[in-house]
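The values are calculated or read from the model by the stated rules, or taken from the named source; none is laboratory data. What you see is a predicted model, and the numbers here were worked out from it, not measured in a lab. The area values use the complete protein model at the heavy-atom level, side chains included, leaving out ligands, DNA and RNA. Shrake-Rupley method; radii C 1.70, N 1.55, O 1.52, S 1.80 Å.
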Amino acid sequence: MGHSSIDPAFQERRPWNEGRLLGAKRALKQQQVWAIRFWLDQHKRLRDRALFDFAIDSKLRGCDVVKVRIGDIVSGGRIRDRAIIVQQKTKRPVQFELMEAARKTMRAWLERRGGSINDYVFPRRNDYTGHMSTRQYARLVHEWVAGIGLQPQEYGTHALRRTKASIIYKATGNLRAVQILLGHAKIESTVRYLGVDVEDALELAERTEV
């Protein structure tokens, strides 16, 4: 039934978002990426290391990461250098690279996981015919960032999608390249996604002499 705004109880109600961090989650910094890799290796979490490396390199949304199939990234018995996934949200294909670190951990994980080309790379815990849920993926991300001393509420699965894109943008200033890598239809979406502002533009300009 709700409260009237002049009810005494209304004044005592806490805002639904009090104490919560809203908006885009932070991207990881390069040293934090390596810290998480070290933490996962130290705890012998091979699946999680493969999942983390794949998420960073692919720059895919969580719903696409959990649904990748072995045949999407394996060809002729080897992990592909590049792969193409049709994004669930946009129905548009996006191509991505898998660096040596990711190929190595994915190879090690798949050797232990087994399965055919139609199976999911990251299956459910109790049912290998299904894929990991996005909720389980999100819980794992919170474990990883907490493991290296970061605040879990400041990071999520989208933080992993943004990480490499943000690093590439800061190194090159090439928004068009980042747009292609993220599979955005409009460059304006990439600008909002990266949080590009006037300060970023001025920093890029100051690094360029004519």
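Things worth noting here:
- Carbon and sulfur %, accessible surface of the range 80-160 computed with the full protein complex present, 1.4 Å: 47
- Close amide-amide hydrogen proximity is noted between H131 and R124, each under 5 Å apart and 5 or more residues distant or on a separate chain (H modeled in the peptide plane; Pro and chain starts excluded).
- For the range 89-167 versus the range 29-75, the gap between their alpha-carbon centres in whole angstrom: 4
- Under 5 Å, built H, 5+ apart or other chain: amide partners of R69: V121
- Heavy-atom surface of the range 49-165, accessible at 1.4 Å and reported per residue (Å²): 48
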